[in-house]
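Enquirer: If you scroll down you'll find the structure; I have some questions about it.
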Amino acid sequence: MRKYITLLLFITFIANNQAQDSPEKIQLETTLVAPKKITKLGEGSYLIDYGKAFFGTVQLESKKTQNDSLVFHLGEKLNDQNKVDRNPGGTIRYQKVVLNGLSADKKMDLSLTPDKRNTSGAAILLPKTLGTIMPFRYCEVANLTIPMEEIQFFQKAVHNRFHDNASDFTSSDKVLDAIWDLCKHTIKATSFTGYYVDGDRERIPYEADAYINQLSHYSVDSVYTIGRRTNEYFIDNPTWPTEWLLHTVLMFHADYMYTGDLAPLEKHYENLKLKTLMDLEREDGLISSSSPHLTQELIKQLGFKKPDTKIKDIIDWPPAQKDTGWKLATAEGERDGYEIVPVNTVVNSFYYYNLKLMTGISGFLGKKEDVSFFKNKAASVKKVINTKLFDTDKGYYIDGENSTHASLHANMLPLAFDLVPKEHVESVTAFVKTRGMACSVYGSQYLLEGLFKNGEAQYGFDLITETEGDRNWWNMMEVGATMTMEAWDVKYKPNSDWNHAWGTAPLNIITRYMWGIKPKTAGFKIAEIKPQLAELSYTTIKVPTKNGIISGTYQKSEKSELYTLEIPEGMSAEFTISSSPKKVLLNGKKIKKNKLVILLKSGINVIQLKQ
């Protein structure tokens, strides 16, 4: 039996009348995945394990007829009796299906019951031709009266077009490898709507979820259509809270850097300016959703369609959720005790970063006056943040104006967004390291970025590969998930699911910061390669670009580090040396000792750093 069969379906549909000018056709594929393992549970009862969860259904084809009904149990999780968990908790999926017999030599798909919450309202709707799908890894079948060998049970998986061989990663650390594989599978499996959605509970695009999804997707495939379609969606379909809106500019900027296509920036430039929330500025330049400037008219201009949208619904919600009425593992949820005040550090850190990126975007578009405007405004906001929201005595940021509390969140975001003055990087980083993984799965993206940007690659590596406790990616695999989870554990968010791509931070961090491969100029005409490989002694990587695949290998011995990098035709790369080697060789030729950046041409480049 073949491992899998992929059927390409070209499907164009308008999801819930949303994003009608979607720039690309949605291309969904149906992959038939054969069982990885079949276990007999009893007479006529079997457990089928497909190895990984996908969104889809089960397709059967029997060589013989069975008139009696069969009972199927589909799910993402097993119970302690090695059966599909009928009560998995949270939004972990399970469904029972009764099939009224089998016809010989006829392909049959299990007909699933739709979930009202993710197939109505604001949810992205699937074409009717696909039927109802759900995420599952396991299929338990009972009351089978014909031999198991006479039936083929495929996992019929739905996902967007995806190039599995466009990316790869291996290393000397098998935990890191397993986490990278977990994240890459998540990106492929959660593409089943053709948009970046938050997970199966809602199937709705949210800006913060989508941004992390985009960074990870662009790190493993050069199919940019989902990202562009999702960006387009957010122009007229913004979501809450305040910081979610502030991801819009980040997504459009990232897309341009990877694709080099100015059209989306030109088309939506004025809307992007609006989505920076400049209109909420007070006299000193800081913003707040409590601002008197947040009027119904502005809410409408931002894209909120409900005329009765209340200002209080657009609130500051620092990274991580605290939902009242739940018995949570900690009273503060995932916020590290964050004190929410009207003018807070999280939202204003995002605001500063928006201004910084808009400086670049206005430059890309040749808007010289706007370049000066955003550059000056960003500098001014940075100064005010570092004056009013920084505790000079303690050497780190407080949660907001007049706050007496300092959290991980209020410090990791300034680190990630280049807000921290050089003289304070050490003290802010030291504080961050005292907090561990006190943020949510979503917040880990910015924690890791802040660490790698500020010389803490080893500590960032340690957080990614941690295997003790439950606030890590290893725990996701230990409990049985094959996609990244919405929260570290259900106890931290009781309605959480097992299929949230916002948990894939390690994937894009490994690509963009550990290996340090990012576009230096738009469209990857020039790549930036700035490795920070921590304690790894060996690693390989493949990174897709619009121009081809960048391939790299790294080997470390006691006295040298050896990089072999292949750059696609028509591209070049700037390789940054982050260590202090005694001798540097490029293709066997000695490079000046004080030269920290080496230009790599297309083709194979061998760099040796000798100690």
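Enquirer: Positive end of the charge dipole of the stretch 338-493 (Lys, Arg +1 and Asp, Glu -1 on Cβ, about the Cα centre): tell me which of Phe417, Tyr459, Asn354 has its Cα farthest that way.
Expert: Asn354
Enquirer: Continuing with this model, one more query. With each pseudo-label sitting 7 Å past Cα toward Cβ, what's the Thr129-Glu426 distance in nm, one decimal?
Expert: It is 6.4 nm.
Enquirer: Could you compute how much accessible surface Val371 exposes when probed at 1.4 Å, giving the result in Å² to the nearest 10?
Expert: My reading of the accessible area for Val371 is about 40 Å².
Enquirer: What are the aspartates and glutamates whose alpha-carbon lies under 17 Å from the alpha-carbon of Lys40, with same-chain residues fewer than 8 places away excluded?
Expert: Hits, sequence-local ones excluded: Asp49, Asp80, Asp85, Glu140, Glu149, Glu150.
Enquirer: Kirkwood Rh, the stretch 94-151, all Cα pairs: how many Å?
Expert: It works out to 14.1 Å.
Enquirer: So what J values fall out for the stretch 143-148 if you push phi through Karplus, 6.51 cos²θ - 1.76 cosθ + 1.60 with θ = phi - 60°, rounded to Hz, Gly and Pro as x?
Expert: Result, ordered by residue: 6, 7, 9, 9, x, 4 Hz.
Enquirer: Residue-wise, which Karplus ³J(HN,Hα) couplings in Hz belong to the stretch 224-235, taking 6.51 cos²θ - 1.76 cosθ + 1.60, θ = phi - 60°, and x for glycine or proline?
Expert: For the stretch 224-235, the Karplus curve yields 9, 5, 5, x, 5, 5, 5, 4, 4, 4, 6, 4 Hz.
Enquirer: With a 1.4 Å probe and all protein chains kept in place, how do Leu562, Leu365 rank by accessible area, largest first?
Expert: The most accessible residue leads, giving Leu562, Leu365.
Enquirer: Over the stretch 511-584, average the accessible area per residue using a 1.4 Å probe and give it in Å², no decimals.
Expert: About 42 Å² of surface per residue is accessible.
Enquirer: Helix-only estimate, please: 222 nm mean residue ellipticity of the chain, summing -39500 (n - 2.57) across DSSP H runs of length 4 or more and dividing by its residues, to the nearest 500.
Expert: -8500 deg cm²/dmol
Enquirer: Test of understanding: what is the full-extension gain from Lys610 to Val479, defined as 0.36 nm times their sequence separation minus their Cα-Cα distance?
Expert: Once the chain is fully extended between Lys610 and Val479, it gains 42.8 nm.
Enquirer: While we're looking at this one, here's another question. With θ set to phi - 60°, apply the Karplus curve 6.51 cos²θ - 1.76 cosθ + 1.60 along the stretch 557-567 and write out the HN-Hα couplings as whole Hz, x wherever there is a Gly or Pro.
Expert: These are the phi-based 3J(HN,Hα) values: 10, 4, 10, 7, 10, 10, 10, 10, 10, 10, 9 Hz.
Enquirer: By accessible area of protein heavy atoms, probe 1.4 Å, what ranking do Met485, Met477 get, highest first?
Expert: The ranking, largest first, comes out as Met477, Met485.
Enquirer: Ignoring ligands, DNA and RNA, what accessible area per residue does the stretch 225-276 give at 1.4 Å, in Å²?
Expert: That works out to 24 Å² per residue.
Enquirer: Can you give the accessible area of Cys439, probe radius 1.4 Å, in Å² rounded to 10?
Expert: The accessible area of Cys439 comes to roughly 0 Å².
Enquirer: Let me ask something additional. Taking the 0 to 90 degree range and rounding to the nearest ten, how far is the long axis of helix 207-220 tilted relative to the main principal axis of the chain, both from C-alpha atoms?
Expert: 80
Enquirer: Expected output is a single nm value to one decimal: the length gained when fully extending between Gln458 and Asn67, i.e. 0.36 nm times separation in residues minus the C-alpha distance. What is it?
Expert: Result for the pair: 134.6 nm of gain on full extension.
Enquirer: By how many nm would the segment from Tyr538 to Lys116 lengthen if fully extended, with 0.36 nm per residue of separation less the alpha-carbon distance?
Expert: Taking Tyr538 through Lys116 to full extension adds about 147.1 nm, to one decimal.
Enquirer: Take Met148 and Asn495, extend 7 Å from each Cα along the Cα→Cβ direction, and tell me the distance between the two endpoints in nm.
Expert: 3.9
Enquirer: Another question, then. Probe 1.4 Å, all protein chains in place: accessible area of Ile38 in Å², nearest 10?
Expert: The accessible area of Ile38 comes to roughly 90 Å².
Enquirer: While we're on this one: How large is the dipole of the chain about the Cα centre if only Lys and Arg carry +1 and Asp and Glu carry -1, each at its Cβ, rounded to the nearest 20 debye?
Expert: It works out to roughly 1600 debye.
Enquirer: Sort Leu609, Leu125 from largest to smallest accessible area, using a 1.4 Å probe on the heavy atoms of the protein chains.
Expert: Leu125, Leu609
Enquirer: Round to a whole number: what % of the accessible area of the stretch 524-602 belongs to carbon and sulfur, probe 1.4 Å?
Expert: Ligands and nucleic acids excluded, carbon and sulfur give 48 percent.
Enquirer: If you roll a 1.4 angstrom probe over the protein chains with everything in place, what fraction of the accessible area of the stretch 175-260 belongs to carbon and sulfur, to the nearest %?
Expert: 50
The values are calculated or read from the model by the stated rules, or taken from the named source; none is laboratory data. Everything numeric here is computed off the predicted structure, so don't read it as measured data. Quick reminder, even Gly has a Cβ in these numbers, built from the backbone with ideal geometry, and neighbours come from all protein chains shown. Each accessible area value is taken on the protein alone, full model and side chains, heavy atoms only, with ligands, DNA and RNA left out. Shrake-Rupley method; radii C 1.70, N 1.55, O 1.52, S 1.80 Å.
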